[in-house]
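Written out below as structure tokens is the structure these notes cover.
The values are calculated or read from the model by the stated rules, or taken from the named source; none is laboratory data. A quick note: this is a predicted structure, and the numbers were derived from the prediction, not measured. Here Cβ is always computed from backbone atoms with ideal geometry, including for glycine, and neighbour counts include all displayed protein chains.
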4 protein chains.
Amino acid sequence: MVAVIRPETSQERIDHLITWLKDKGLDVHISVGAFQVVLGLIGDTSQIDVDMLRSLDIVESVAQLSDPFKACNRKFHPEDSIIETLDSAIGGGHFAVIAGPCSVETKTQITFVAEEVKKAGATHLRGGAFKPRTSPYDFQGLGAEGLDLLLEAKKVTGLPIVTEIMDIRSLALFEHVDIIQVGARNTQNYDLLKELGKTGKPILLKRGLAGTIKELLMSAEYIMASGNEQIILCERGIRTYESTYTRNTLDISAVPVLKKLTHLPVVVDPSHATGKAELVASMAYASVAAGADGIMIEVHNDPSCALCDGPQSLTPVQFAPIVEKMHKIREAIK
Amino acid sequence: MVAVIRPETSQERIDHLITWLKDKGLDVHISVGAFQVVLGLIGDTSQIDVDMLRSLDIVESVAQLSDPFKACNRKFHPEDSIIETLDSAIGGGHFAVIAGPCSVETKTQITFVAEEVKKAGATHLRGGAFKPRTSPYDFQGLGAEGLDLLLEAKKVTGLPIVTEIMDIRSLALFEHVDIIQVGARNTQNYDLLKELGKTGKPILLKRGLAGTIKELLMSAEYIMASGNEQIILCERGIRTYESTYTRNTLDISAVPVLKKLTHLPVVVDPSHATGKAELVASMAYASVAAGADGIMIEVHNDPSCALCDGPQSLTPVQFAPIVEKMHKIREAIK
Amino acid sequence: MVAVIRPETSQERIDHLITWLKDKGLDVHISVGAFQVVLGLIGDTSQIDVDMLRSLDIVESVAQLSDPFKACNRKFHPEDSIIETLDSAIGGGHFAVIAGPCSVETKTQITFVAEEVKKAGATHLRGGAFKPRTSPYDFQGLGAEGLDLLLEAKKVTGLPIVTEIMDIRSLALFEHVDIIQVGARNTQNYDLLKELGKTGKPILLKRGLAGTIKELLMSAEYIMASGNEQIILCERGIRTYESTYTRNTLDISAVPVLKKLTHLPVVVDPSHATGKAELVASMAYASVAAGADGIMIEVHNDPSCALCDGPQSLTPVQFAPIVEKMHKIREAIK
Amino acid sequence: MVAVIRPETSQERIDHLITWLKDKGLDVHISVGAFQVVLGLIGDTSQIDVDMLRSLDIVESVAQLSDPFKACNRKFHPEDSIIETLDSAIGGGHFAVIAGPCSVETKTQITFVAEEVKKAGATHLRGGAFKPRTSPYDFQGLGAEGLDLLLEAKKVTGLPIVTEIMDIRSLALFEHVDIIQVGARNTQNYDLLKELGKTGKPILLKRGLAGTIKELLMSAEYIMASGNEQIILCERGIRTYESTYTRNTLDISAVPVLKKLTHLPVVVDPSHATGKAELVASMAYASVAAGADGIMIEVHNDPSCALCDGPQSLTPVQFAPIVEKMHKIREAIK
């Protein structure tokens, strides 16, 4: 880390800062230039709060020579991580198509959808049992019963399942879940992340509602620092001022940025990002073209009842050709 | 709730929608205009997902005649709520000055600061024991030990204490805490909110990092729907594109907006919003002038060691005249 | 347009509003429901300021049954518009590859780049003569001389040229320019748009720095209302809170949204959006996959001097295979 | 300026960069640390594009030791600038109350409002003659006739007038206007700014729709670099994701930030920021408490016709006590 001191800072204040830094166990290399002093900090700088250092009135700027994320950093782990579950894999050239309904409703529904998306080329089944709803008066999901129904669909199709956890106290219920999802409202629920870090389960970690790329990586780091390296990152749209025509703004540039910074696989959820079924296909194509390792799409069973399932779901019939085109795009950018 | 149907929608699709709405237990009042159909939905519309309804391709727009928040709605509870703890109160004309260090460090530190801020006019003592940090490698707070130190400072000064909970499993430790804070990263941690709703404790609920005003109210609603009506709302700055000169953008207009929508007291945290000590005073004055029921300010003991405490803290000496001026502004706007 | 009146509004105030609306020449269809009054406004509602109507205290909500944009609306002009210049075309299945340096520097430079990008498959040459710079002390472009150099490059290669106008008083200089660009800082410079509407020139209109999709269409509408229908819309990234790893956030979902709302062609500028050469290729691919009618890419002549040209430029050697892949992706999504 | 080079950069590339910097006329002070090279750039660094330098792949970070704005920088001009017109002044302890209707409509209207706001304590009269409207089909203002009406109101009341220019070609019409306003859509219309810099007129420069504080200062710099130092900066709300309850988010923290960075006076426009009359008073108080040099408020003549004037206007009767309270707050924070 390098800290540039403001011009005209008194030597006394500089010395005070140096003493404090040394007390933290760092070596400090002092470079006195023609008109400024630059401090090079050597050692374990992870104990230094960069934002704090940066805002000190005697500090002009701070350059971090090392990223704040270590375990998920591609620099120290150049090969792609591959997350394997049953016969499916994500990352390192393995492309995931994660599909299924927003909410698990009935055994017939989830099994039917599971079979349909499998036929269409899905590699994983998704479905919500615990649902984070903005209103306490809205349907909160089937809970434990929903998990049971998902497991039945897994048994029938052989597809690994992805479903969201909201409360760490329900972790025991997720024993046979293949990939545990952390939703956008819990991306910075650090105690949840720490506990998930103690499991051996793959975690699908969504970017926060208005989370930065760096915050997403730091949240992954929480899980990894607790011992679990099986993480899939998920871009799902960010909150911007543009909310008339799309619910969120899908930040597709996050895909190549993340692929460069980390070895973890990156998937995209165009359904939640746009909130509109009619935009899902083009955003899925764009994400694949940008290099995503997988796509997560909402598919619901019954077109005539699409009403109850929200406007962002596709039918199995609409879903199948999208999978085909995604594979063609993957060929095109090879 | 009123739903305006798009022109040229087939009668069949309109009928389908009406049937579905009636299945939800609603009466539907149909108004056929010269060039559009408008559906008036009568009954308990809280079961309807407005966003879903709004995005249906046959629906032009939806007007909610009733707010989605009930318990915290000023319409049904016109008088200000007052949150009382020990000898202090917030709301209904009672102005709170909540002050203290970002983190509890030592017994000497927290007791000293508590005494100093009390002398300067603080009504509540704040201090962090469990700290949400972006990096798993940063100091995570003293935890249970920090809570003990806070309770000692409470004993010495008689000030009620405010401190943050991060994990519902540590709730038992908060037995003697006067006001439990929910931080900006947990504003939509619904399972945490539900549990806090079962306690009889006052809750200070911070607005999310990039949370809307409506989301803040809906999170309060989660707590209230579980039985706890003692909630203080806290504006603490929102995430915007402007982050060069301030950490967040303090949304002071949220104060009069919230005061109109809800009977719950509204306090402002200018320290976290700006991230800079030099802006705290003017933003505190502005918040008071806008009608806030209280201000939450970081104050640290030792100016010469302000280094370790971050650039957003004030010293007790800087803090005292700010309290005075806030009271003068309250007089001015009466 | 439909206005839903708030419950419990006095008849007098409703009558007052109706009188005012009728004075504007509108017919008002009044629908009295069980618990609300809905006004249907019939006639030329373009004279009504919707935002004003919406914010009246007696109005619950306003639904616009017709879009505020007319001339550029696909509803009234279902076929794609095609913008033709020399031998090149954009829209209606014609894919444009607009390439060239950020700034025109010398005759050798611009001619060399023009020849190189033509060889690589570019259909249009871009280059800046008048440069909008945040600082008055930065290089402001070669101005009229730069336009001359561009025209020479056009003569040599036969490529139509695209270049930015900043001041309407310099319009005469653009006589032989094929497509006049309006930059992101002038998207809402309405007097400039009105004047450009009086020319017969194709206009490439960039989305504002933090402009909404609707504002972009309304700005196009300004040009069209003045008589010029030859407009190309350009997505170039929007301002969001995420600015660490990308300069702007490229809103690729704007492509399918715009393609649905308007018949005008839509191109994407990944160079300005990301500000980083290393992200240009993947964002170009994503934009093509999302259905863009063209891509605008910065290409600079001399890799060894890329220094002076900014980090978002590619070399001709890097550019050529990108064009190839874009065409492959177009095949894949057919 | 200080540039920190990335570790492990080849000496050849560093030398290449140094040569290029020296070619720009700079002295380069090279500091070779234990694990990094830091370049100190000495001389006129205003020719260096910092963003470009920062994004070079061999550059870790760049610290600007000097701000990019010079003429408006408080460092080089510590005393407050005071903008005087007729008997009114803004800045340096002079508090401005700028009031009047959004649009000039008739002679009776503007003269009546002018007299009323003067009685209530206004120091300047505002009124729009040229109106920037999102839609080309909306009322565009009375234009030259509106300016004439404003001048009549000036004659009657003696109040200096503030009104917006949209097209530099109409500058001659502004000869007797006291303060020329540049609206939020033209904040980065650099050619307009340059021309206004050649006039001797005070300019009220609004922050862009989603403009940064730095961009506002750089736009002021454009005017000043052309010779005109009489500038008033105006905060008017910024575009954020929160647009349900307020039109924009008023960034009140911009007031103390600007007051520290520049000697130019800073006023706030709470009417446009919030878009709601009911929020204007509290936001005006907050702005004054934060240290604003003036407030700009929309006041319309006829409450019974407030309909036509938009929901953000106050009546003279509502306006008068607000002025009084603003002065009381100024006393309170002294």
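Here are some notes:
- Test set (1) polar (S, T, N, Q); (2) over 23 Å from D:Thr240 (Cα atoms); (3) within 12 Å of chain D (Cβ to nearest Cβ); (4) touching a strand residue (DSSP E or B) at 6+ places or on another chain (Cβ under 9 Å) - C:Ser219 fails condition number: (2)
- Residues in region C:231-253 that are more than 8 Å from chain A (Cβ to nearest Cβ), in a loop (DSSP other than H, G, I, E, B) and within 18 Å of C:Leu204 (Cβ to Cβ): C:Arg236, C:Gly237, C:Asn248.
- Only a single item in (1) surrounded by fewer than 17 Cβ atoms within 10 Å (Cβ to Cβ); (2) among the aliphatic types (A, V, I, L, M); (3) in contact with a Pro (Cβ under 7 Å, 6 or more places away or on another chain) is not met by B:Met52, and it is number (1).
- Residue match in region A:187-204 (condition: assigned to a helix (DSSP H, G or I), crowded, with 24+ Cβ neighbours inside 10 Å, within 12 Å of chain B (Cβ to nearest Cβ) and aliphatic (A, V, I, L, M)): yes
- Scope region D:205-216; condition assigned to a loop (DSSP other than H, G, I, E, B) and within 11 Å of chain C (Cβ to nearest Cβ); matching residues: D:Gly208, D:Leu209, D:Ala210, D:Gly211, D:Thr212
- In the set (1) surrounded by fewer than 21 Cβ atoms within 10 Å (Cβ to Cβ); (2) in contact with a Phe, Trp or Tyr (Cβ under 6 Å, 6 or more places away or on another chain); (3) aliphatic (A, V, I, L, M), the condition left unmet by D:Ala225 is number (2).
- Restricting the first member to region A:255-269 and to residues that are assigned by TED's automatic domain parsing to the domain that holds A:Ile238, and the second to residues that are modelled with pLDDT under 95 and of a type in the set (Val, Ile, Thr), the beta-carbon pairs closer than 7 Å and six or more apart or on different chains are A:Val257/C:Thr246.
- Within region A:28-61, being closer than 26 Å to A:Met218 by Cα and at the interface with chain D (Cβ under 8 Å from one of its Cβ atoms) holds for A:Gly40, A:Ile42, A:Glu60, A:Ser61.
- Within the set A:Glu324, A:Glu331, A:Glu278, A:Glu235, the sole residue that is of a type outside the set (Lys, Arg) and crowded, with 21+ Cβ neighbours inside 10 Å turns out to be A:Glu235.
- Unique residue being at pLDDT below 95 and in contact with a Gly (Cβ under 8 Å, 6 or more places away or on another chain) when the list is C:Ser103, C:Ser135, C:Ser61: C:Ser103
- Cβ pairs under 6 Å, 6+ apart, first in region A:311-322 and touching a residue at least 40 places away in the same chain (Cβ under 8 Å), second of a type in the set (S, T, N, Q): A:Gln312/A:Ser271
- Any hit, region A:93-109, residues being surrounded by 15 or more Cβ atoms within 10 Å (Cβ to Cβ), within 14 Å of chain D (Cβ to nearest Cβ) and in contact (Cβ under 8 Å) with a residue 40 or more places away in the chain: no
- Residues that are within 19 Å of the chain's Cα centre (by Cα) and of a type in the set (Asp, Glu) do occur in region C:84-91, at least one of them.
- Extreme residue, nearest to the other protein chains (Cβ to nearest Cβ), among residues of region C:161-186 that are assigned to a loop (DSSP other than H, G, I, E, B) and surrounded by fewer than 24 Cβ atoms within 10 Å (Cβ to Cβ): C:Asp167
- Flag: D:Ser243 matches the condition of being without any contact (Cβ under 8 Å) to a residue 40 or more places away in the chain, surrounded by fewer than 22 Cβ atoms within 10 Å (Cβ to Cβ) and either farther than 19 Å from D:Met166 by Cα or within 10 Å of the chain's Cα centre (by Cα) (or both).
- Residues within region C:256-279 that are among the β-branched types (Val, Ile, Thr), more than 20 Å from A:Leu261 (Cα to Cα) and at the interface with chain A (Cβ under 7 Å from one of its Cβ atoms), tallied: 1
- Residue selected from region C:294-321 under the condition among the small types (Gly, Ala, Ser) and at pLDDT 95 or above, by the criterion surrounded by the fewest Cβ atoms within 10 Å (Cβ to Cβ): C:Ala320
- Scan of region C:52-71 for residues that are without any contact (Cβ under 8 Å) to a residue 24 or more places away in the chain and in contact with a strand residue (DSSP E or B) (Cβ under 8 Å, 6 or more places away or on another chain), ordered by number: C:Arg54
- Residue ID - surrounded by the fewest Cβ atoms within 10 Å (Cβ to Cβ), chosen from residues in region B:1-44 that are among the hydroxyl-bearing types (Ser, Thr, Tyr) and at pLDDT 85 or above: B:Ser10
- Residue in region D:122-141 that is out of contact with any Phe, Trp or Tyr (no Cβ under 7 Å at 6 or more places or on another chain) and assigned to a helix (DSSP H, G or I) present: no
- Leading residue by the ranking (nearest to B:Val62 (Cα to Cα)) among those in region B:1-51 that are in a helix (DSSP H, G or I) and in contact (Cβ under 8 Å) with a residue 40 or more places away in the chain: B:Val50
- Region C:128-146, residues that are in contact with a Ser or Thr (Cβ under 9 Å, 6 or more places away or on another chain) and either acidic (Asp, Glu) or in contact (Cβ under 8 Å) with a residue 40 or more places away in the chain (or both): C:Phe130, C:Asp138, C:Gly146
- Per-region count, region D:59-82, residues in a loop (DSSP other than H, G, I, E, B) and either on the phi > 0 side of the Ramachandran plot or out of contact with any His (no Cβ under 9 Å at 6 or more places or on another chain) (or both): 7
- For region B:285-293, the count of residues that are among the small types (Gly, Ala, Ser), surrounded by fewer than 24 Cβ atoms within 10 Å (Cβ to Cβ) and away from chain A (no Cβ under 14 Å) is at least one.
- Residues that are touching a residue at least 40 places away in the same chain (Cβ under 8 Å) and either in a helix (DSSP H, G or I) or not assigned by TED's automatic domain parsing to the domain that holds B:Ile322 (or both) were ranked within region B:276-295; the one that is farthest from D:Glu331 (Cα to Cα) is B:Ala277.
- Filter result for C:Lys118 (closer than 22 Å to C:Gln312 by Cβ and outside any strand (DSSP E or B)): yes
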